[in-house]
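The values are calculated or read from the model by the stated rules, or taken from the named source; none is laboratory data. Because the structure is predicted, anything quoted here is derived from the model rather than measured. Here the Cβ is made from the backbone with ideal geometry for all residues, glycine too, and neighbour counts use every protein chain on show.
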Amino acid sequence: MTFLEASEITHYYDKKCILSNISFSFEKGKIYSIIGPNGCGKSTLLKILCRQLPPTKGQVSLEGKNIYKLSPKKIAKSISLLSQQVEKADITVKQLVTLGRTPHLGIFERLNNQDMDVVQWAISQTNLELLIERNVASLSGGEMQRVWLAMAIAQQPTILFLDEPTTYLDIAHQLELLELVRSLNIKSNVTIVMVLHDINHAVLYSDKIIAMKDGGIYDHGNPENIMTSKLFHEVFGVEALRITDIVRNESMYSLTRLKK
Amino acid sequence: MKIKTLRNTLGWQAIMLVLIMLAALAAFSCSLMVGAVKVSFHDFIDILIHSNIEHPYRDILWNIRLPRTIVGALVGANLALAGLLLQGVMRNPLADPHIIGVSSGAGLFGMAILVIFPHLTSLVTPLAFIGAMGAAILIYLLSWKNGIVPTRVILAGVAVSAFFGSGISALMTFYSDRVQGALSFMVGGLAAKSWPQVETILPYSIIGILFSLLLVKKLNIIKLGDSVAKGLGMRVEVVRLIITATAALLAASSVSVVGLLGFVGLIVPHICRLLIGNDYRVLLPATACLGIAVVTISDTFGRILFSPFELPVGVIMGALGGPFFLFLLRRKSVS
């Protein structure tokens, strides 16, 4: 079932073509990872999909409706975004997570018990119970990322977008965040679309991978099928060796740079 | 770190807000009682509360000090709020209506009406508003590059300020015979402000303050960045325009009454941020009250410091504000 659909997206920035003629259908309840080298347009595509950046041409529709024609508030009830760079906000954790309820409130409406339950749920999902009175600016990078994720899920989106969510985290926190995202997907059936740099993370944590190159989609599909040595060569310019961890039954790739 | 945590607790914020309100009240009363003629607390109560018409000081209090203090209080609240709103929306802690040229824009347009069409005084504030808005939009255009770049705001603001300032100087040169109290206009002074000026500024202040109170929630979200605000369903460009227009209205109404009074919008919001934190629900009322306190008390000092000479309140604000500006610059570059 098509859920979110990008059709014929083309985007220019200062006359430079960033994305050319991209069409793709996202299904409900799956985890998608967009991968590709620097400058391939993956972050731009993500921004366009989550209504942050209107494309030069083409449209994005959610359940058949053009997201750039719907009111921003309506969209914010179904779509939320965790940005790559999070602000060091001078605000308590609880206050920040509570702001995630904003799109669900009318202009003069106050938070009701149901809203507070959602906030509580978001806080417990992200294991922030002990930090709720802390100032966000005083938290570590990993904690801060969890707080912003909590705000994003307090919006109760049907689709959650994440733009390189692991960039500023150490390895344990990277895995923690990705596991959190996966559990959200499984428990609450939230569709996930994320941009990831680490190919092994993308392979481990996604149902579908979209590989991008030079502003277009190079290939897409299940991780096992599309991660071919041809793709590694042509998209990333690396040599990949597939290793299978027989204990956990997972594949991963050891990468070396292609000699020119 | 401890203060930061403490600052975000509700009790602390409530206490601070009450203290600032009391300070505003004290400064207001002080400005009424102190001056060339000292009015004792007893006389003060007698005249204002019991409305004793025969009291010898009634005229001084009722027709000179009270309107002057009210104008000072409104100007203080308006400029402080204008500064707070501009800092929030331009994401730059140094955005003060005076420094970035919003006041100069208002001043040029207001003054043009005053000297070229002196009979159209009721148009002064509306035109000053257009000037202030024009200056603000010009700053945006100059500092915009894929969103607002905080460091460019101040640079663009200095250019805009110089541009409108030169317009003001040109007007003063051409119409030197018609410009009365030019000096008082340039530095911002409360001398000889009375009931007519209260009538000019009051309606705009009420509109401006009401609008800022309605914007509290939006300000709390917009401070988290454009991307987050958009993600939470805000029409960021529209909200930004409304906030800027409110700030321009507040600044313009002040400028058209007291002239180019600087630094109130810089000092006051900062002290409030230090005392009470960044939550606009308490920060906004605190800023308005502290604005009242700072301007009325500065004016009182201006009146008594070199009595019988009177220093314009703008001189006092400049003397306090210059060093404060440098202090903020240093603090920023260290952190």
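Mind checking whether some residue in region B:5-25 is within 14 Å of another protein chain (Cβ to nearest Cβ), among the charged types (D, E, K, R) and in contact (Cβ under 8 Å) with a residue 60 or more places away in the chain? Show your work before the answer.
Just the residues of region B:5-25 that are within 14 Å of another protein chain (Cβ to nearest Cβ), to begin with: B:5-13.
Adding the requirement that they be among the charged types (D, E, K, R) leaves B:7.
Now narrow it down to the ones that are in contact (Cβ under 8 Å) with a residue 60 or more places away in the chain: B:7.
Yes, because at least one residue in region B:5-25 is within 14 Å of another protein chain (Cβ to nearest Cβ), among the charged types (D, E, K, R) and in contact (Cβ under 8 Å) with a residue 60 or more places away in the chain.
Is it true that residue A:92 is of a type in the set (Ser, Thr, Tyr), under 28 Å from residue A:63 (Cα atoms) and not assigned by TED's automatic domain parsing to the domain that holds residue A:190? Explain how you work it out, then say what you get.
Details: of a type in the set (Ser, Thr, Tyr): yes; under 28 Å from residue A:63 (Cα atoms): no; not assigned by TED's automatic domain parsing to the domain that holds residue A:190: yes.
Here the answer is no, as residue A:92 does not meet what is asked.
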How many residues of region A:53-83 are under 22 Å from residue A:177 (Cα atoms) and part of a loop (DSSP other than H, G, I, E, B)? The answer is 2
Output for region A:210-245, where each listed residue is small (Gly, Ala, Ser), over 23 Å from residue A:30 (Cβ atoms) and not in a loop (DSSP other than H, G, I, E, B): A:229, A:240
Subset of region B:58-117 (residues that are touching a strand residue (DSSP E or B) at 6+ places or on another chain (Cβ under 8 Å) and not in a helix (DSSP H, G or I)): B:91
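Return the residues of region B:288-335 that are in a helix (DSSP H, G or I), of a type in the set (Ser, Thr, Tyr) and either surrounded by fewer than 23 Cβ atoms within 10 Å (Cβ to Cβ) or modelled with pLDDT under 85 (or both); say none if nothing qualifies. Break it down into steps so the answer makes sense when it comes.
Our first condition is that a residue be in a helix (DSSP H, G or I); within region B:288-335, this holds for B:288-304, B:313-334.
Checking the rest, the ones that are also of a type in the set (Ser, Thr, Tyr) come to B:296, B:298, B:300, B:333.
Result: B:333, single match.
Please count how many residues of region A:44-73 are more than 8 Å from chain B (Cβ to nearest Cβ) and closer than 16 Å to residue A:162 by Cα. Please lay out each step first, then the result.
First, the residues of region A:44-73 that are more than 8 Å from chain B (Cβ to nearest Cβ): A:44-49, A:53-70.
Still in the running and closer than 16 Å to residue A:162 by Cα: A:44-49, A:53.
Number satisfying all stated conditions: 7.
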Sort out for me the helices (runs of 4 or more DSSP H) sitting completely within region B:216-265 that have 2 or more residues that are more than 14 Å from chain A (Cβ to nearest Cβ) and surrounded by fewer than 22 Cβ atoms within 10 Å (Cβ to Cβ). B:236-258
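Scan region A:130-141 and give yes if some residue there is among the hydroxyl-bearing types (Ser, Thr, Tyr) and either assigned by TED's automatic domain parsing to the domain that holds residue A:217 or modelled with pLDDT of 90 or more (or both), otherwise no. Let's see the steps before the verdict.
First, pick out the residues of region A:130-141 that are among the hydroxyl-bearing types (Ser, Thr, Tyr): A:138, A:140.
With the extra rule that they be either assigned by TED's automatic domain parsing to the domain that holds residue A:217 or modelled with pLDDT of 90 or more (or both), the set shrinks to none.
No - not one qualifying residue is present in region A:130-141.
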At the interface with chain B (Cβ under 7 Å from one of its Cβ atoms), at negative phi and touching a residue at least 60 places away in the same chain (Cβ under 8 Å): is that true of residue A:76 in this structure? yes
Matching residues in region B:7-43 (within 26 Å of residue B:308 (Cα to Cα), surrounded by 13 or more Cβ atoms within 10 Å (Cβ to Cβ) and among the aromatic types (Phe, Trp, Tyr)) number 1
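For every residue, the table says whether it meets (1) more than 10 Å from chain B (Cβ to nearest Cβ); (2) more than 21 Å from the chain's Cα centre (by Cα); (3) part of a loop (DSSP other than H, G, I, E, B).
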{"position": "A:85", "(1), (2), (3)": "no, no, yes"}
{"position": "A:97", "(1), (2), (3)": "yes, no, no"}
{"position": "A:103", "(1), (2), (3)": "no, no, no"}
{"position": "A:111", "(1), (2), (3)": "yes, yes, yes"}
{"position": "A:115", "(1), (2), (3)": "yes, yes, no"}
{"position": "A:121", "(1), (2), (3)": "yes, no, no"}
{"position": "A:124", "(1), (2), (3)": "yes, no, no"}
{"position": "A:145", "(1), (2), (3)": "yes, no, no"}
{"position": "A:160", "(1), (2), (3)": "yes, no, no"}
Given (1) in a loop (DSSP other than H, G, I, E, B); (2) more than 18 Å from residue B:279 (Cβ to Cβ); (3) more than 15 Å from the chain's Cα centre (by Cα), number of the condition residue A:89 does not satisfy: (2)
List the pairs whose first member sits in region B:234-260 and is of a type outside the set (A, V, I, L, M), whose second member is not in a helix (DSSP H, G or I), and whose Cβ atoms are under 7 Å apart, counting only residues at least 6 apart or on separate chains? B:246/B:215; B:254/B:261; B:259/B:188; B:259/B:189
Residue list for region B:160-194, restricted to those being part of a helix (DSSP H, G or I) and either basic (Lys, Arg) or surrounded by fewer than 15 Cβ atoms within 10 Å (Cβ to Cβ) (or both): B:162, B:166, B:169, B:170, B:173, B:174, B:183
In the list A:130, A:149, A:169, A:178, which residue meets the criterion of being part of a helix (DSSP H, G or I) and farther than 17 Å from residue A:97 by Cα? A:178
